[in-house]
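Just below is one structure, and these are the notes that go with it.
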Amino acid sequence: MTFAIGVDGGGTHARAVIVDERGREVGRAEAPGAVVSLRAPEAAAAAVAHAVRSAAAAGGFALPGDVLWAGLAGAGHEASRLGVERALAGAGLARRVHVGTDVEAAFHAAFPEGPGLMLIAGTGSIAWGRRPAGDLCRVGGWGQQLGDEGSGYAIGLKALRAVARAEDERTEPTSLTSEVLRALSLDAPGELIPWAASATKAEMAALVPVVARCADAGDKTASDILEEAAAQLDAHVSALLRRTGPWASRPGLLLSGGLIAPGGTLRPILLRRLAAKPVDVRADEVDAAVGAARLAMSLREGAARAP
């Protein structure tokens, strides 16, 4: 049996979907994720391989498949992308392997054809749009050093900085101090220095629920962090609208990622800000792994048509 494989991989999870020659889903699995790194592409490749092999086992398939299309966080840098692609090519997962970004996979799931806008906010953040003329536009996606505003990583980092300022008495006390220390099993604020120095992007983003709990309990510092994050994401949408317009009618806007998808921590705050914008916010969620599988099928069909 011929089959194609799609993978959506981020800092938290790697999800693999196997589809048959008709595009029907016949296998799925999830494994711990890894962000693509230029220095260690093997880590992301190992996460993809784990998810794919688990999906193949769940569906009762023997690898390799025909085509694997893996959309991975951090794969926007060409050298990093090629490093993971080379590692996957020798893993025995598929006869043909292509690596793109997780954003490409999600956008293809949301807007297979035609114009539209998408904002993603999870561990990182980025906005993508397809203009009415068909060309693509990106806002954000600069990574944790230069960007990722409004992301889970940015929220977690702001929480730690708020604890540091409060400890110095540069600002008023905040419940974030005790709650963050409890969540990280630390005894004193000073212990945050070595923790932050070694924390992964996903570990930093895992502090978002702590910030949300403090905000719900009335902590102004925590509330301000969430409001600022929503404002940054709102700015992504404003920039995307300017760069993709003019629009003859209101474009659809899909909110994706753990922070802003339905049920996400920032979604209610962000929706209030977006209410005044000329966009129609979609209520559905996207399955980026399915988008990746569709891209894998496109590669397979293109190969079949080639002379």
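The values are calculated or read from the model by the stated rules, or taken from the named source; none is laboratory data. All values derive from a computational prediction rather than experimental measurement. Quick reminder, even Gly has a Cβ in these numbers, built from the backbone with ideal geometry, and neighbours come from all protein chains shown.
For segment 228-248, name all the residues that are among the acidic types (Asp, Glu) and surrounded by fewer than 17 Cβ atoms within 10 Å (Cβ to Cβ).
Residue satisfying the conditions is Glu228 alone.
Within segment 1-24, which residues are at pLDDT 85 or above and closer than 30 Å to Glu203 by Cα?
Ile5, Gly6, Val7, Asp8, Ala14, Arg15, Ala16, Val17, Ile18
So, in segment 174-199, how many residues would count as being surrounded by fewer than 18 Cβ atoms within 10 Å (Cβ to Cβ), among the charged types (D, E, K, R) and assigned to a helix (DSSP H, G or I)?
2
Within segment 172-211, count every residue that is of a type in the set (D, E, K, R) and over 30 Å from Ala14 (Cβ atoms).
Total satisfying the criteria: 3.
Restricting the first residue to segment 269-295 and requiring it to be closer than 25 Å to Ser223 by Cβ and touching a residue at least 40 places away in the same chain (Cβ under 8 Å), which pairs with a second residue that is β-branched (Val, Ile, Thr) and assigned to a helix (DSSP H, G or I) meet a Cβ separation below 7 Å and a spacing of at least six or different chains?
Within 7 Å, the pairs are Leu274/Val237; Lys277/Val237.
Every residue in segment 101-119 that is within 14 Å of the chain's Cα centre (by Cα) and modelled with pLDDT of 90 or more, please.
Met118, Leu119 - these are the residues of segment 101-119 that are within 14 Å of the chain's Cα centre (by Cα) and modelled with pLDDT of 90 or more.
Against the condition in a helix (DSSP H, G or I) and in contact with a strand residue (DSSP E or B) (Cβ under 8 Å, 6 or more places away or on another chain), how does Ala154 come out, does it pass?
yes
Consider only pairs whose beta carbons are under 7 Å apart and that are at least six residues apart or on different chains; among these, list those whose first residue lies in segment 5-28 and is over 15 Å from Leu88 (Cβ atoms) and whose second residue is acidic (Asp, Glu).
Sorted first by the residue in segment 5-28, then by its partner, the pairs are Gly10/Asp102; His13/Glu30; Arg15/Asp8; Arg15/Glu30; Val17/Glu25; Val19/Glu25; Val26/Asp20.
When the residues of segment 158-173 are filtered to those that are assigned to a helix (DSSP H, G or I) and touching a residue at least 12 places away in the same chain (Cβ under 8 Å), which remaining residue is surrounded by the most Cβ atoms within 10 Å (Cβ to Cβ)?
Ranking the qualifying residues of segment 158-173, first place goes to Ala159.
Quick check on my filter: what residues within segment 200-220 are among the small types (Gly, Ala, Ser) and touching a residue at least 24 places away in the same chain (Cβ under 8 Å)?
Result: Ala202, Ala205, Ala206, Ala212, Ala217.
Within segment 200-211, which residues are buried (at least 17 other Cβ atoms within 10 Å of the Cβ) and more than 17 Å from Arg161 (Cβ to Cβ)?
Listed by number, the list holds a single entry, Ala202.
Taking the condition of being more than 17 Å from Ala292 (Cβ to Cβ), among the small types (Gly, Ala, Ser) and either more than 22 Å from the chain's Cα centre (by Cα) or at pLDDT 90 or above (or both), how many residues in segment 59-86 meet it?
Of the residues in that region, 2 qualify.
Please count how many residues of segment 121-137 are under 22 Å from Ala261 (Cβ atoms) and either in contact with a Gly (Cβ under 8 Å, 6 or more places away or on another chain) or free of Cβ contacts under 8 Å to residues at least 12 places away in the same chain (or both).
The total comes to 11.
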